[in-house]
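Notes to accompany the following structure.
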Amino acid sequence: MITPSQVFDLLNKEFPFETQESWDNSGLLIYSGKESSCVVVCLDVTADVVDFAVEMGAKIIVSHHPVIFSGIKEIYSGDVVYNLIKNDISVISAHTNFDKYTYGTCYDIADRLGLDIVPDDSFEFGIIAEAEGMSVQELGWKCKSVYGSASVTMPYNRINTVFICAGSGSDMKTDVIESGADCFICGECKYHDMLDLAAEGISVITLGHDNSEKFSVETMARLIKENFEDTDVQVFIPDSLVQNI
C-alpha cells in the first residue's frame, strides 16, 4: 500500500513543486488520506478517469493538468471534484514543474521523434534538438505517425535545429527566435505568432495540446513503479479531444 504523501514526496524530489509558475496550481490538491495499492496516472482528471480509478480500486490519481486550477465557487453532485471526494480519491497534479523537468514533457517529444537533444539551459521552458537537415514535411509526417496528428507551416523548409515546447506555444515566440532554431514543435500556436515566426524563416509544427503531452505522463508512472514496486500503476491515455474528420 502507498499513501498520497509518499507519492507527493517522490514527485517533489524529482521535479519540485516550488518550481511551478506563480499562476499554476500544482501539488496535492485533493487529500483523502487513504492508502492505495493502485495509482492512476493521467493527463486530465475527467469523469472517465474517475470512473476508471473507482473500477481499479485506486485511491490516488496523479495528473499533469491540475484538477483544480482556479477558485471553485460551487460543487454539484456528479461533478468531477464531488466524485473524487465522494470516493475518497486523492489527486496530485504536476504541471509546470513537470514541464521544466529534464525528462518531462519536452524531452518526451524529442525522445519519441528520435531527435538528439542539444544541451542548453538558456530557456525555462522548451528544449533544442537536432533535425539533421530533414524537411519540415518529413518531420511533420514523423510527428503524425507518433501522435496521430500534425499541422505544419512552410513544409518544404530544410531544418537543422528544432525548438520543442509541449502544450501551449503561446508566448514562446521570442524564445524560439532567440534559440536560432529553424522549426518550432509545440502543442498549439497562435496564428499571428506563426506569421511572425514565418517572417523569421521559422516553420511551426503543431501536434495538438493534449497530443503533445499525453504520453509524457508515462514518465511519472515509471517513477512511481520504480520506487514502489508492489504498487499497481495504471496509465490512462485517452483519444485526443480534437479529432480530424
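The values are calculated or read from the model by the stated rules, or taken from the named source; none is laboratory data. Quick caveat: nothing in here was measured; it's all calculated off a predicted structure. Every residue, glycine among them, receives a Cβ derived from its backbone with ideal geometry; neighbour counts consider all protein chains shown.
Only residues that are touching a residue at least 12 places away in the same chain (Cβ under 8 Å) and of a type in the set (Gly, Ala, Ser) were counted across segment 73-90, and they come to 1. Picking from residues in segment 132-157 that are touching a strand residue (DSSP E or B) at 6+ places or on another chain (Cβ under 9 Å) and polar (S, T, N, Q), the one that is surrounded by the most Cβ atoms within 10 Å (Cβ to Cβ) is 153. Identify, please: which residue in segment 50-88 is under 24 Å from the mean Cα position of the chain (by Cα) and hydroxyl-bearing (Ser, Thr, Tyr) and is, among those, farthest from residue 10 (Cα to Cα)? Selected residue: 70. Residue 8 falls short on exactly one of the conditions (1) touching a residue at least 24 places away in the same chain (Cβ under 8 Å); (2) in a loop (DSSP other than H, G, I, E, B); (3) not polar (S, T, N, Q), and that condition is (2). Quick check: anything in segment 175-185 closer than 23 Å to residue 43 by Cα, without any contact (Cβ under 8 Å) to a residue 60 or more places away in the chain and not aliphatic (A, V, I, L, M)? Yes, some residue in segment 175-185 is closer than 23 Å to residue 43 by Cα, without any contact (Cβ under 8 Å) to a residue 60 or more places away in the chain and not aliphatic (A, V, I, L, M).
Screening residue 108 with (1) within 16 Å of the chain's Cα centre (by Cα); (2) in a helix (DSSP H, G or I); (3) surrounded by fewer than 16 Cβ atoms within 10 Å (Cβ to Cβ) gives one miss only, at (3).
Just give me the residues in segment 137-157 being outside any helix (DSSP H, G or I), under 21 Å from the mean Cα position of the chain (by Cα) and of a type in the set (A, V, I, L, M), in sequence order.
Within segment 137-157, 150, 152 meet the criteria.
Restricting attention to segment 218-245, the residues that are more than 17 Å from the chain's Cα centre (by Cα), part of a strand (DSSP E or B) and either hydrophobic (A, V, I, L, M, F, W, C) or at pLDDT below 95 (or both) total 1. Taken over segment 158-213, residues that are surrounded by fewer than 18 Cβ atoms within 10 Å (Cβ to Cβ) and in a loop (DSSP other than H, G, I, E, B) amount to 7.
Among the strands (runs of 3 or more DSSP E) contained in segment 21-87, which hold 1 or more residues that are surrounded by fewer than 17 Cβ atoms within 10 Å (Cβ to Cβ) and basic (Lys, Arg)? Step through it out loud before you land on a result.
Details: elements: 27-30, 38-42, 60-63.
Ranges flagged: none.
A single entry from 62, 54, 41 fulfils the requirement of being in the same structural domain as residue 224 (by TED's automatic domain parsing), out of contact with any Cys (no Cβ under 7 Å at 6 or more places or on another chain), modelled with pLDDT of 95 or more and over 30 Å from residue 123 (Cα atoms): 54.
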